[in-house]
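Below you'll find the structure, written out as structure tokens, and then a few comments.
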Amino acid sequence: MLLQRLAAVTTLGAADSLSVRLVSLRRDAARLLVWLATVAYAVVLSLASIDRHERFETGGYDLGIFDQGIWLLGHGLRPFSTIRGRDLFADHFQPALVLLAPLGGLEFTPIGLLILQSALLAAAAPPLYTLARRRGAGPWLALAVVLLWLAAPLTQWANLFDFHPETAVPLLLVHAAVELDRGRLVLFIALAAAASLFKEDISLVFLGWGVLLVLQGRRRFGLALAGAATLWFLLVTQVAIPALGGDLDYYSARFGGDRGSSLGAVFLSLVEHPLRTLGDAATPANTKVLLALVLGSGGLALLAPAILLPALPAVSANLLSAYSYQHELQFHYHLIPAAVFAIASAHGAGALQARRADLVRAATAVLLAGALAVAALGPASRELRSSATPDQRARAHALALIPADAPTAAAPHLVPHLAHREHIYQLPEPFFPRPSNGESWSEQELSRRAGRVEWVVYELAGLDPWPRSQTRQLPQMLRSRGFTEIYRESGVRVFHLQRERAATHAPTKAPSSPR
């Protein structure tokens, strides 16, 4: 009898030990897959971004601005963007860019920026897994949360569209959520402060987060967080940016459109006429935005709706803006809301885990399969190509003719390939003004800048109708200024100005554009 009991105890102990090992193995396997997916995303999206850049398919404008600014910082020069026409920090307040100066000093931009951007977006995955596990999700459901973030088109589109400093923010937001869940308030505040250095409106996420904390019963801390975030936003927009020579009037008017000249006017109309304003926002494009945010989280975010409060300012700004690009999915404007939805999905996964076991298993399988399918068909999978087209070869040949440091004006998608210099302009500037993009150069300033240019790489591809019509006039204008056309192929043309030749040609006055 005693031997039978000992045998039974031994058998149960072995079974329990085996069960523990199996659970540990499943947990460790999921964690290992998280890291493998993180590395895979960083590698694949880096390759896709670089390939896209080398095929001249990046938008050009934003990548060129940040490339030039970081190159200038890395060489100890004032980060004045000749592409944007103002100090780098007077356009958007992004002092965290100083941390990237070493990349500019090492001449490792823009490729380094594209790789860094992919790595930062990928790096949000492990803490997202940690958050989901802390909220009660099983290892495979937490893995699904991670894969949804990495596979989501909103994540990948923001990754592939030029470079933007706020792509570092999702990592900081997810880490902040983890530290808040752990009760480490000092670390949470430090991460919030760091995130707010990447763009002036990131602080509004923490305004919403403060409101969330108040509703959760943490009234004192929530009010302090919301107040600090509001104060920071006001200081940056009303003091720091104007002090650096910029202002947000252009962005405010762009947001308002025909509903008023400012952001404030739009929100006043929202208060006065809420149904009409919401009706105006209920467009097919905005419906796609909301669906993309929800589907990108696998619907899990809807199981923790309160956690979405930090996304409300950014989502509202996108839905209510008159700026058409904020209603399109392939740009970076929806990245920060998508990060908040990912955090909410981690909370929602914990809520789902508390349901029936069979429901959890089925939902986990569907979410994992869906994430893998989206990844296989997503933006990155369509970007990797190998063969160069004739116009791409012509562009590469044209760029090889431009000497380093020479003041140059070029077509938009060529600018990031020429940004390692103090004077680089995006056509039709500086020969024509572009008031529609917020610049306010006088005709005298335009003439002075145009007088510096020695090389022009001309191409009409990728230009919007208005700058395209201006750029068409450039060849004749350049000849009148003493430029010589030295290369032409597949629509790409290179003009060069020899200073001794230019001395015999009086520069023509830059034509005005209607303002």
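None of the figures in this text is laboratory data; all of them are computed from the coordinates on show. All of these numbers come straight from a predicted model, not from anything done at the bench. A quick note on method: Cβ atoms are made from the backbone with ideal geometry, for glycine too, and the neighbour counts reach across all protein chains shown.
Based on C-alpha pairs under 8 angstrom that are at least 6 apart in sequence, the chain has a relative contact order of 18 percent. The Cα center of region 207-263 and the Cα center of region 341-357 differ in position by 30 Å.
Hey, can you rank 168-179, 131-142 by average C-beta count inside 10 Å, highest first? All intermediate terms of the calculation are to be shown ahead of the outcome.
Numbers: 168-179: 24.7, 131-142: 22.9.
Per-residue mean Cβ counts within 10 Å order the peptides as 168-179, 131-142.
Restricting region 373-422 to trypsin sites (Lys or Arg not before Pro) that sit in a DSSP loop and have at most 14 other Cβ atoms within 10 Å of their own Cβ leaves R385. Here the dipole of the chain is about 1080 debye; that uses its Cα centre as origin and unit charges on the Cβ of Lys and Arg (positive) and Asp and Glu (negative). As a calculated quantity, the FRET efficiency between E422 and W35 at R0 = 45 Å, using C-beta atoms, amounts to about 0.60. The stretch between A253 and D87, if pulled fully straight at 0.36 nm per residue, gains 57.7 nm over its current Cα-Cα span. Highest average first, the peptides 48-57, 265-274 ordered by how many other beta carbon atoms sit within 10 Å of their residues are 48-57, 265-274.
Could you point to the label whose value was computed as mean projected area of the Cα convex hull in nm² for the structure here, given [x] 24.6; [y] 42.8; [z] 29.7? The value computed from this structure is option [z]. Derived scalar couplings between HN and Hα for region 441-454 equal 5, 6, 5, 5, 5, 4, 4, 5, 5, 4, x, 7, 5, 10 Hz in order, rounded to whole Hz, by the Karplus curve 6.51 cos²θ - 1.76 cosθ + 1.60 (θ = phi - 60°), x for Gly and Pro.
Across region 276-292, rounded Karplus estimates of 3J(HN,Hα) from the backbone phi angles (6.51 cos²θ - 1.76 cosθ + 1.60, θ = phi - 60°) give 5, 5, 5, x, 5, 7, 7, 10, x, 5, 5, 4, 5, 4, 5, 4, 5 Hz, Gly and Pro being marked x.
Candidates I50, L32, L223 compared by Cα position along the dipole of the chain: farthest toward the positive end lies L32, with charges placed on Cβ.
Can you give the charge dipole size of region 51-201 about its Cα centre, rounded to the nearest 20 debye, using +1 on the beta carbon of Lys and Arg and -1 on the beta carbon of Asp and Glu?
Numbers: 11 positive and 14 negative charges, 119 e Å.
Using only the charged Cβ atoms, the result is roughly 560 debye.
Remark: region 317-328, residue by residue, has Karplus-estimated 3J(HN,Hα) of 4, 5, 6, 9, 5, 8, 7, 4, 5, 6, 9, 9 Hz, where x stands for each Gly or Pro and the curve is 6.51 cos²θ - 1.76 cosθ + 1.60 at θ = phi - 60°. For the chain, the residue among Q498, V266, Q330 whose Cα projects farthest onto the positive side of the dipole built from Cβ charges is Q330. If I model region 125-383 as equal point scatterers sitting on the Cα atoms and use the Debye formula, what is log10 I(q)/I(0) at q = 0.09, 0.14 Å⁻¹? Rounded to two decimals, the profile gives -0.41, -1.01.
Model label sites at A194 and Q392, defined 7 Å from Cα along the beta-carbon direction, differ in position by 3.7 nm. Annotation for region 31-53 versus region 459-503: alpha-carbon center distance of 40 Å. In terms of overall dimensions, the C-alpha atoms belonging to region 244-340 reach 40, 36, 23 Å along their principal axes, ordered largest to smallest.
Between the alpha-carbon centres of region 116-159 and region 272-334 there is a gap of 21 Å.
Work out the FRET efficiency for E485 and S381 from their Cβ-Cβ distance, taking R0 = 30 Å, and round it to the nearest 0.05. Each step should come with its number before you reach the end.
On the way: r = 41 Å, r/R0 = 1.35.
Once rounded, the FRET efficiency stands at 0.15.
Under a model in which nothing but the beta-carbon of Lys, Arg (+1) and Asp, Glu (-1) is charged, region 49-88 shows a dipole of about 200 debye around its Cα centre.
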